[in-house]
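See structure below.
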Amino acid sequence: MDAHLLLLNLTNPTLLFFVLGIVATAVKSDLEIPPTTIKFISLYLLFSIGFRGGQELAHSPFNAEILYSLGFGLLVSALIPTYTFFVLKRKLSIADAGAVAAAYGSVSAVTFVAATSFLEAQQLHFGGHMVAVMALMEAPAIIVGVMLMRRYEADDTGAAPQMGSIVQHAFTNGSVLMVLGSLVIGLIADTKQADGIKPFTTDIFKGFLAIFLLEMGMVTARRFTAFLRYGRFVTAFAVLVPLLNGCVVAVASRGITESVGNRFIFAILAASASYIAVPAAMRLAAPKADPGLYLPMALGVTFPLNITLGMPVYFALVQHT
């Protein structure tokens, strides 16, 4: 891996704001971003990346690579929770193993957004269809995680939620609906009309991302202490498994596409862990699972790992394989 590339990533202003958020919490600062503001910014980021992806897709020919990419994304999001579940259940309860497996099989939209910013810094592009791949990778992991939980743990209450409600919840989750809806709108919107909102979707994007990562830094620092009580196994899992997933997919994606940008996005999607869509679904599907485990794992360990060390590693692999 190029040391210069790693240094360039670590000095990215958006990443430095993430570090500032951690520092602010560590020194017990009263720095705070209103929850309504953060909710707006998160919706904006999803809207912007979805709309821009739709616009790119509208100007790209629909070909076999797009179909293969969608299929590959769905396959990855089903395989990761399957194998990780059997690793996790050796040390964790069935409910916790299923919830963590679902989180790591699903994707982080914020990590995806950070990855697009990384590619822009390298002056590389990715296909608009990769936004659809990201959105479609949310649901399969949730479904597989729930099915494995049901298979290996009898529900004592007899009130297990129906699979249909789990699937519906996965696809109607706010983050999934926003990015898919924005993708469709960007796809069908008139090009001249779409140019009118281009300054809103592009020019201010990195500024909003920096503020969002500032908040993520503060949230990470607050939740990390609660996570430490689970010991070294889950810490090692949260570090090693994402790196393994990202590296394997970075290499395997060459069979799907030759695009460096698309392969890098595949790698970061495989390496990321959901801390928005999956926790929302697990409240319904796995009430016995401890959010104090899978949330800090995804947000407190895997997220900063990916945006600091992970992205340069996956990018180097994509470039040299």
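In this simple spin-label model, placing a label point 7 Å from the Cα along the Cα-to-Cβ direction at both ALA316 and ASN63 gives a separation of 3.1 nm.
Is the shape of the stretch 1-137 rounded, prolate or oblate, going by the alpha carbon gyration tensor and its root eigenvalues a ≥ b ≥ c, with a/c under 1.5 for rounded and a/b larger than b/c for prolate?
Values: a/c = 1.64, a/b = 1.08, b/c = 1.52.
Cα axes put the stretch 1-137 in the oblate bin.
Ordered by solvent-accessible area of protein heavy atoms (1.4 Å probe), largest first, the residues HIS129, HIS59 come out as HIS59, HIS129. Rounded to the nearest whole Hz, the Karplus-based 3J(HN,Hα) values (6.51 cos²θ - 1.76 cosθ + 1.60, θ = phi - 60°) of the stretch 208-218 follow the sequence 5, 4, 4, 5, 5, 5, 4, 5, 4, x, 5, with x at glycine and proline. Among the protein heavy atoms, those of LEU70 account for about 40 Å² of accessible surface (1.4 Å probe, every chain in place). Mean sequence separation of contacting Cα pairs (under 8 Å, at least six apart), scaled by the length of the stretch 228-321, corresponds to a relative contact order of 41 percent.
Grab the Cα-Cα distance for ARG283 and LEU16, subtract it from 0.36 nm times how many residues apart they are, and report the gain in nm with one decimal. Can you show the working numbers first?
Numbers: separation 267, 0.36 × 267 = 96.12 nm, distance 3.25 nm.
Additional length available on full extension: 92.9 nm.
I'd like the GluC sites (Glu not before Pro) in the stretch 32-98 restricted to DSSP loop residues with at most 16 other Cβ atoms within 10 Å, sorted by number. Sparse-neighbourhood loop GluC sites (Glu not before Pro): GLU32.
A Gaussian network model of the chain, with springs between Cα atoms under 10 Å, assigns the largest mean-square fluctuation among ARG283, ARG52, ARG90 to ARG90.
Out of the total accessible area of the stretch 180-321 (probe 1.4 Å, heavy atoms of protein only), what percent is carbon and sulfur?
Values: 3760 of 5710 Å².
Here carbon and sulfur together make up 66 percent of the probe-accessible area.
In a fully extended conformation the segment linking LYS39 and GLN122 would gain 27.0 nm over its present Cα-Cα distance, using 0.36 nm per residue. A Förster radius of 22 Å combined with the Cβ-Cβ distance from LEU8 to LEU31 puts the calculated FRET efficiency at roughly 0.25.
For the stretch 215-276, the relative contact order works out to 33 percent when only alpha carbon pairs closer than 8 Å and six or more residues apart are counted. Heavy-atom accessible surface of the chain, averaged per residue, reaches 44 Å², computed with a 1.4 Å probe. Rounded to the nearest 20 debye, the dipole size of the chain about its Cα centre is 680 debye, using +1 on the Cβ of Lys and Arg and -1 on the Cβ of Asp and Glu. If the segment from TYR83 to VAL260 were pulled out straight at 0.36 nm per residue, it would be longer than the present Cα-Cα gap by 61.0 nm. Note on LEU309 and THR172: the model spin-label points, each 7 Å out from Cα along the C-beta direction, lie 4.2 nm apart. Which one, GLY105, GLY196, GLY217, has the greatest fluctuation when you compute a Gaussian network model over the chain with C-alpha springs under 10 angstrom? Most flexible of the set in this elastic network: GLY196.
Each Cα pair under 8 Å and six or more residues apart adds its separation to the average, and for the chain the resulting relative contact order is 34 percent.
What ranking of ASP96, ASP290, ASP30, ASP203 comes out by heavy-atom accessible area, probe 1.4 Å, highest first?
Details: ASP96 20, ASP290 45, ASP30 145, ASP203 120 Å².
Final ranking, largest accessible area leading: ASP30, ASP203, ASP290, ASP96.
With the helix formula -39500 (n - 2.57) applied to DSSP H stretches of n ≥ 4, the chain reaches a computed 222 nm mean residue ellipticity of -23000 deg cm²/dmol. Candidate values [x] 163; [y] 135; [z] 149 were compared with volume of the Cα convex hull per residue in Å³ computed on the shown model; the agreeing label is [y]. Of the accessible area of the stretch 1-160, with the probe set at 1.4 angstrom, what percent is carbon plus sulfur? The C+S portion of the solvent-accessible surface of the stretch 1-160 is 66 percent. Here the 3J(HN,Hα) profile of the stretch 52-62, calculated from phi with Karplus coefficients 6.51, -1.76 and 1.60 at θ = phi - 60°, is 5, x, x, 5, 5, 5, 5, 9, 10, x, 7 Hz, Gly and Pro shown as x.
Annotation for the stretch 6-74: chymotrypsin sites (Phe, Trp or Tyr not before Pro) lying in DSSP loop with at most 10 further Cβ atoms inside 10 Å of their Cβ are PHE62.
Assuming R0 = 41 Å, what is the FRET efficiency of SER93 and VAL23, from their Cβ-Cβ distance, to the nearest 0.05?
Values: r = 35 Å, r/R0 = 0.85.
Between SER93 and VAL23 the formula returns 0.70.
The values are calculated or read from the model by the stated rules, or taken from the named source; none is laboratory data. Computed from a predicted structure; not experimentally measured. Note that we place each Cβ from the backbone using ideal geometry, even for glycine, and neighbour counts take in every protein chain shown. Please note that ligands, DNA and RNA were not included when accessible areas were found on the heavy atoms of the full protein model with its side chains. Shrake-Rupley method; radii C 1.70, N 1.55, O 1.52, S 1.80 Å.
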